[in-house]
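Asker: Here you go, one structure.
Every number in this text was worked out from the coordinates using simple rules, so none of it is lab data. Since we're looking at a predicted model, the values are computed, not measured. Virtual Cβ from ideal backbone geometry, glycine too; neighbours counted across all protein chains shown.
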Amino acid sequence: MINMWEEEGISFCGMIHSHPGKFGEPSNGDMIYAERILKARPKMLNGKMHMPIVTVDQQSDSMSINWYIAKIVEKNDIALERADLYVDGNRITGPVSN
């Protein structure tokens with residue numbers, strides 16, 4: 001799929017996805033997914049991939065976006081870091097490393 005996007009001039013920079021309930025932290029599956037993609041495409045992604053996680057609290061019906069960036073670090077390991085990003089309904093503000 002990413003190859004097709006590149007042919008169309010679309011740059012893959014990460015994936016937004018949801019987690020159930022209030023579970024806004026990266027899962028083991030997220031780490032595996034990030035590692036596979038980053039190691040397969042290190043130059044295309046400059047060693048970084050955005051991985052925002054969306055959750056919805058069923059009781060209050062409020063949405064949360066927890067922004068993470070997966071990075072290739074020492075010894076070709078993968079680290080997920082929370083980005084400094086704030087969501088307040090209509091706008092997103094704050095520095096997010098590219």
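Asker: So VAL56 passes all but one of these: (1) over 14 Å from the mean Cα position of the chain (by Cα); (2) part of a loop (DSSP other than H, G, I, E, B); (3) touching a residue at least 24 places away in the same chain (Cβ under 8 Å). Which condition number does it fail?
Answerer: The one condition VAL56 does not meet is (2).
Asker: So the check is Cβ under 6 Å with 6+ separation or different chains; which pairs have a first residue in region 6-23 that's in a loop (DSSP other than H, G, I, E, B) and a second one that's of a type in the set (Ser, Thr, Tyr)?
Answerer: Here the result reads HIS19/THR55; LYS22/THR55, each pair linking region 6-23 to a residue that is of a type in the set (Ser, Thr, Tyr).
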